[in-house]
Amino acid sequence: MNWNAHPLRAGFGVAALTFALDQLIKWLVMGPWRLPEIGQITLAPIFNLTFTQNFGVSLGLFNAHSPSGRWLLVALTAAIAIGVAVWMLRERELGDIAPLGMVLGGALGNIRDRVGEGYVIDYADLHFGSYRPFLVFNLADAAITIGVLIILARSFLIREKRPRDTADPAPVPQASKELMSHD
């Protein structure tokens, strides 16, 4: 299939794939890998799987430990996801739609966690010795971040500048010319 001929289909495909991979990894983390019981698995000198319950949003902001706070975050993130989907529908270029699909799929993955678990399941722990440039995150968070960075890069570097309106002024209709000449 030629994805450039059907960019919306491709964008929603990216969203579905992002959501599915995010949920698959979270199922592995919670189930077969038993990360909540184990706590941490070292995969590489700079990368661990570390189970974390995230009751907030990015960077631990807006922690919602109460049921009303949880549902407020669900509503807020659902509104953002709807806005991203509408934005996708308005775009025409695959290069703009695909990163929006990443953002949408990631948002839906985290919304599903918050609805089903009461928190977002985080597990990816990138570190350099004791230095951690990020809090523990998940695939959905990474997809959202990468999608937003692509959108920003495209908006600053790739989009063509719209030409300034250099058209001649509109011609004066013939009737107006006649009225002006009778004065």
TODO: Filter the stretch 34-93 for residues that are closer than 30 Å to Gly13 by Cβ, of a type in the set (Ser, Thr, Tyr) and not in a helix (DSSP H, G or I) and give the result.
DONE: Thr52
Open item on the list: Being at pLDDT below 60 and surrounded by 10 or more Cβ atoms within 10 Å (Cβ to Cβ): is that true of Ser176 here?
Closed with: yes
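Kindly indicate whether any position in the stretch 60-73 is of a type in the set (Ser, Thr, Tyr) and surrounded by 15 or more Cβ atoms within 10 Å (Cβ to Cβ).
So the first thing to find is which residues in the stretch 60-73 are of a type in the set (Ser, Thr, Tyr), and the list is 66, 68.
After this cut, where a residue has to be surrounded by 15 or more Cβ atoms within 10 Å (Cβ to Cβ) as well, the list is none.
Within the stretch 60-73 (the criterion being of a type in the set (Ser, Thr, Tyr) and surrounded by 15 or more Cβ atoms within 10 Å (Cβ to Cβ)), the answer is no, since none of the residues qualifies.
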TODO: Would you please name the residue that is nearest to Phe51 (Cα to Cα), looking only at residues in the stretch 92-138 that are surrounded by fewer than 19 Cβ atoms within 10 Å (Cβ to Cβ) and small (Gly, Ala, Ser)?
DONE: Gly118
TODO: Scan the stretch 63-83 and report the pairs whose first residue is farther than 14 Å from Val103 by Cβ and whose second residue is among the basic types (Lys, Arg) and surrounded by 14 or more Cβ atoms within 10 Å (Cβ to Cβ), with Cβ atoms within less than 8 Å and a gap of 6+ or a chain change.
DONE: Ala64/Arg70; Arg70/Arg114; Leu73/Arg114; Val74/Arg114
Task: Failed condition for Gln53, given (1) within 19 Å of Arg114 (Cα to Cα); (2) surrounded by 16 or more Cβ atoms within 10 Å (Cβ to Cβ) - done: (2)
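The values are calculated or read from the model by the stated rules, or taken from the named source; none is laboratory data. Quick caveat, the model's predicted, so the values are computed rather than measured. Positions of Cβ are generated from backbone atoms using ideal geometry, with glycine treated the same way; all protein chains shown enter the neighbour counts.
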